[in-house]
Amino acid sequence: MIENHNLPAILVRQPWNKGKLIGAKPPLRSKHVWSIRTKLQLEGRRRDLALFNLAIDSKLRGCDVVSIRVEDIAPRGYTVDRATVRQKKTGHPVRFEITEQTRQALDDYIRAKDKKGDEFLFIGRKGPNRCLTTRQYARLVSEWVASCGLDPTLFGTHSLRRTKATMIYKRTGNLRAVQLLLGHTKIESTVRYLGIEVDDALEIAEQVDI
């Protein structure tokens, strides 16, 4: 029997998700939204407050949130109550509401930074002509989540996207409305995204007594 000691060692590649929790990130609860918002206000973090509030209201993906320009939400110097952004993933425009408290936070931030219409609303570390990266945004979300006592490994930028959409669906049961607000092309995508259709079915069943 001949032994071959010259065989190359087998390189075992580590899976990208080793040690990481993957899957759908849960939405924030109302109390957590208010806790984060209050902390950012008290600490005078204008940019973070504007970013957090806009992410909740817009229900946009992280890549779309960070690439928003001033003219997208404040074409005349003041934040509008409804805006439209073209999604990078689908190429389709999606409209969203901007609540009064979010408009106030955005206006305060825009004035404090003297932002111009064609500038990125949230700039990154690579200069005024580069927007905040999705990785920088994700780190901020982890920081915000941890500040209100939640485990940052369980939440992510999609948690902010899902927060208001989930609340709207739970209050109204209107899947079509949520589909439009999220910019989904198929209702099935919205059903999977919300991940609560089984709970709804059980609640309906519990209300039927025969």
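Kindly indicate the residue of region 90-121 that is in contact with a strand residue (DSSP E or B) (Cβ under 8 Å, 6 or more places away or on another chain) and of a type in the set (A, V, I, L, M) and also farthest from LEU182 (Cα to Cα) among those meeting that condition. Before the answer, list the steps.
At the first step, the residues of region 90-121 found to be in contact with a strand residue (DSSP E or B) (Cβ under 8 Å, 6 or more places away or on another chain) are 92-98, 117-121.
After this cut, where a residue has to be of a type in the set (A, V, I, L, M) as well, the list is 94, 98, 121.
Values: VAL94: 7, ILE98: 14, LEU121: 21 Å.
Checking each candidate, the answer is LEU121.
Residues to consider are SER30, SER58; find the one that is surrounded by fewer than 18 Cβ atoms within 10 Å (Cβ to Cβ) and not acidic (Asp, Glu). Please lay out each step first, then the result.
Values: SER58 fails: surrounded by fewer than 18 Cβ atoms within 10 Å (Cβ to Cβ).
Answer to the check: SER30.
Scan region 114-135 residue by residue and report those that are over 12 Å from GLU71 (Cα atoms), surrounded by 15 or more Cβ atoms within 10 Å (Cβ to Cβ) and not β-branched (Val, Ile, Thr).
Correct list: PHE122, GLY124, CYS131, LEU132.
Which residue is nearest to LEU121 (Cα to Cα), if the candidates are limited to region 53-73 and must be assigned to a helix (DSSP H, G or I) and of a type in the set (A, V, I, L, M)?
Among them, the one singled out is VAL70.
Filter region 1-52 down to the residues that are of a type in the set (Asp, Glu), assigned to a loop (DSSP other than H, G, I, E, B) and at pLDDT 55 or above and list them by number.
Taking region 1-52 and keeping what is of a type in the set (Asp, Glu), we get 3, 43, 48.
Applying the additional criterion that residues be assigned to a loop (DSSP other than H, G, I, E, B) yields 3, 43.
GLU43, the sole residue that qualifies.
Checking the condition β-branched (Val, Ile, Thr), in contact with an Asp or Glu (Cβ under 6 Å, 6 or more places away or on another chain), surrounded by 14 or more Cβ atoms within 10 Å (Cβ to Cβ) and assigned to a helix (DSSP H, G or I), which residue from THR102, THR79 passes? Quick ask: steps written out before the conclusion?
Numbers: THR79 fails: assigned to a helix (DSSP H, G or I).
Only one candidate passes the filter, namely THR102.
Determine if region 186-201 includes at least one residue that is part of a loop (DSSP other than H, G, I, E, B), modelled with pLDDT under 95 and surrounded by 11 or more Cβ atoms within 10 Å (Cβ to Cβ). Even if it seems obvious, please write down each step before you answer.
Of region 186-201, the ones part of a loop (DSSP other than H, G, I, E, B) are 186, 195-196.
Still in the list and also modelled with pLDDT under 95: 186, 195-196.
From what's left, surrounded by 11 or more Cβ atoms within 10 Å (Cβ to Cβ): 195-196.
Within region 186-201 (the criterion being part of a loop (DSSP other than H, G, I, E, B), modelled with pLDDT under 95 and surrounded by 11 or more Cβ atoms within 10 Å (Cβ to Cβ)), the answer is yes, since at least one residue qualifies.
The values are calculated or read from the model by the stated rules, or taken from the named source; none is laboratory data. Computed from a predicted structure; not experimentally measured. Neighbour counts run over all protein chains shown; Cβ positions are idealised from the backbone, glycine included.
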